[in-house]
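The values are calculated or read from the model by the stated rules, or taken from the named source; none is laboratory data. Values in this document were obtained by computation on a predicted structure and should not be read as measured data. As a convention, Cβ positions derive from the backbone with ideal geometry for all residues, glycine included, and neighbour counts pool all protein chains shown.
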Amino acid sequence: MEPRVICILLLVSTLALSSLAQGQLETCVVDPHKRTNCGSPGITPSQCKDKGCCFDNTVRGVPWCFFPVAVDNPPEEECSF
């Protein structure tokens, strides 16, 4: 491919991903000790995600399947530059 075509494809991909990120209302980035359980013991990652929940088994002693939390982003019209 020509370099110009590659640049255009990268630009389109970047714009598409940034628009997806702006529409995100929930996140799975939650302090492990603040997680709210969303599944029963032994739930698999796919079963957890099918329930619309997050799965992270890297921390012992906390829920591995847990509810996502709301993203604390102010609406765009309230942002100041």
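In region 42-56, which residues are surrounded by fewer than 17 Cβ atoms within 10 Å (Cβ to Cβ), modelled with pLDDT of 95 or more and not basic (Lys, Arg)?
Those that are surrounded by fewer than 17 Cβ atoms within 10 Å (Cβ to Cβ), modelled with pLDDT of 95 or more and not basic (Lys, Arg): THR44, PRO45, SER46, GLN47, ASP50, GLY52.
For region 54-68, name all the residues that are in contact with a helix residue (DSSP H, G or I) (Cβ under 6 Å, 6 or more places away or on another chain) and under 13 Å from ASP31 (Cβ atoms).
Answer for region 54-68, where residues must be in contact with a helix residue (DSSP H, G or I) (Cβ under 6 Å, 6 or more places away or on another chain) and under 13 Å from ASP31 (Cβ atoms): VAL59, VAL62.
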